[in-house]
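Please treat every number below as a calculation from the coordinates, not as lab data. Predicted, not measured: the structure shown is a model, and the values here were computed from it. Cβ placement follows ideal geometry from the backbone for every residue including glycine, while neighbour counts extend to all protein chains displayed.
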Amino acid sequence: MTQGDEGISGTALRKREAFLQMMEDCKSRKIDVIYTKSVSRFGRNTVDALESIRTLMEYNVNVIFEKEHIESMKVEGELLLTVLMALSQNESKQQSDNVKWGIRRRYERGEIQSIPLGTLQGYDKNEDGNLVINEKEAEIIRHIYDLYLKGYGRYRISQILEDEGIPSNQGHTKWSWSTVEKILRNEKYRGDMLCQKTYSTNYLTKKKKKNMGELPQYYIENTHPEIIDKRIWDVVKLMHERDKKYEKAHYLNSCHRDTEQLPLIGKMVCKQCGYTFVRRKYKKAKLQHQYYWCCGSFYKNIERHPDKYSITDERPTQLFVEAWNKLLRKKVRYSKVPANVLEEYRREELEELFKQGPLQMFNYERMLQTLDHMEIGEDGYADIYFYAGTMVRVKI
């Protein structure tokens with residue numbers, strides 16, 4: 001009976017199915033002698049290999065190593081095997097180091113042998129092993145980016161995809177916000193590849209670890225066809241960075257908390273302390289069915305300014321409409337050149353939306369697409385900041 005692990009390294013015993021089956025056959029008394037070409041073919045992990053040999057000896061199974069002329073059941077067998085297996089393990093490490101060195105040199109030259117597909121949605125591999133666009137899946141990727149550009153957050157996008165019955169590349173109809181975030185941040189969709197995102201911590205176990213700066217990373221452009229235009233991908237990247245800064249600055253877990261019922265939650269900020277406004281119900285009997293907005297620091301036992309002030313429930317949406325129409329009337333809307341490609345993109349978008357004219361009533365989609373945030377102050381004014389890098393002051 002012949003058994004072998006085709007194409008599997010001898011460093012990881014748990015991955016060698018044929019070897020493990022052979023061990024079980026020995027324990028079942030189906031095998032009493034094992035012939036192997038060399039020590040390195042039996043195993044390159046010294047500890048695992050010696051443990052396996054000792055187990056086999058308990059079952060009176062002799063292992064004969066043809067190249068080295070060693071038999072495990074002989075007196076001198078284990079000592080010689082220990083030395084030879086240690087040498088074999090060291091050779092395996094050197095080979096692993098040489099392979100890694102070669103891969104990194106290719107990365108430095110901008111060369112890639114192949115791009116791993118894995119669970120990457122939107123692509124297939126052709127006969128030559130190159131990535132090609134799967135147009136049906138690519139439409140889903142473009143849809144996700146488009147929703148994010150329109151102001152929808154990761155969690156809301158996952159809900160929309162589920163409501164529309166759109167399957168993931170695994171065939172699931174359930175979407176998580178983390179999957180959406182990975183898609184929005186994956187450079188492969190712009191046709192590039194960041195190499196060495198992970199690395200092996202141990203050449204024996206092959207355990208992978210996320211590269212947090214322990215090793216250099218290599219960014220290689222134009223490695224395969226793009227699904228998302230590079231400019232759009234850069235805009236989305238800057239939007240994501242802006243969201244993270246906004247959340248940190250205003251003590252939020254997520255800046256995309258709005259709904260059509262509460263469109264400006266998380267968007268109204270206190271000028272004095274930076275906390276976002278919260279919606280509260282009046283306690284007075286005659287006002288028990290009415291709500292108002294006030295600084296959230298008062299309800300977190302964080303007194304950052306002495307005076308409590310509030311605005312009526314309907315006023316925030318009115319402020320947006322007034323600010324929009326006021327900005328539309330301005331001849332000079334921007335005081336400086338765009339700070340980056342995101343502001344540039346948002347200005348182009350804003351000018352296109354202005355062609356639709358003034359707002360007669362609040363528009364949720366328009367707000368999502370254009371409003372950065374509102375700063376509400378005790379001075380009786382609200383500063384309305386738009387994504388395009390401009391601000392309008394409106395009386396509260």
query = Taking a ≥ b ≥ c as the square roots of the eigenvalues of the Cα gyration tensor of the stretch 324-396, is the shape rounded (a/c under 1.5), prolate (a/b larger than b/c) or oblate?
reply = oblate
ask   = What is the spin-label model distance, in nm, from T119 to N253 if the labels are put 7 Å beyond Cα along the C-beta direction?
value = 2.3 nm
task = Find how much the distance from E260 to D313 grows on full extension, using 0.36 nm per residue of separation minus their present alpha carbon separation; answer in nm with one decimal.
result = 17.7 nm
Residue exposure sequence - Y291, Y275 - by fewest surrounding Cβ within 10 Å = Y291, Y275
request  = Counting other beta carbons within 10 Å of each Cβ, put M22, M239, M73 in order, fewest first.
outcome  = M73, M239, M22
key: Residue order, fewest to most surrounding Cβ atoms within 10 angstrom, among T312, T259   = T259, T312
remark   = Spelling it out for V63: with amide H atoms placed in the peptide plane at 1.01 Å from N, the residues 5 or more places away or on another chain with amide H under 5 Å from its amide H are I34, S72, M73
query = Please state the relative contact order of the stretch 257-395 as a whole percent: Cα pairs under 8 Å, 6+ residues apart?
reply = 23 percent
request  = Arrange the peptides 159-171, 50-62 so that the one whose residues have, on average, the most other Cβ atoms within 10 Å appears first.
outcome  = 50-62, 159-171
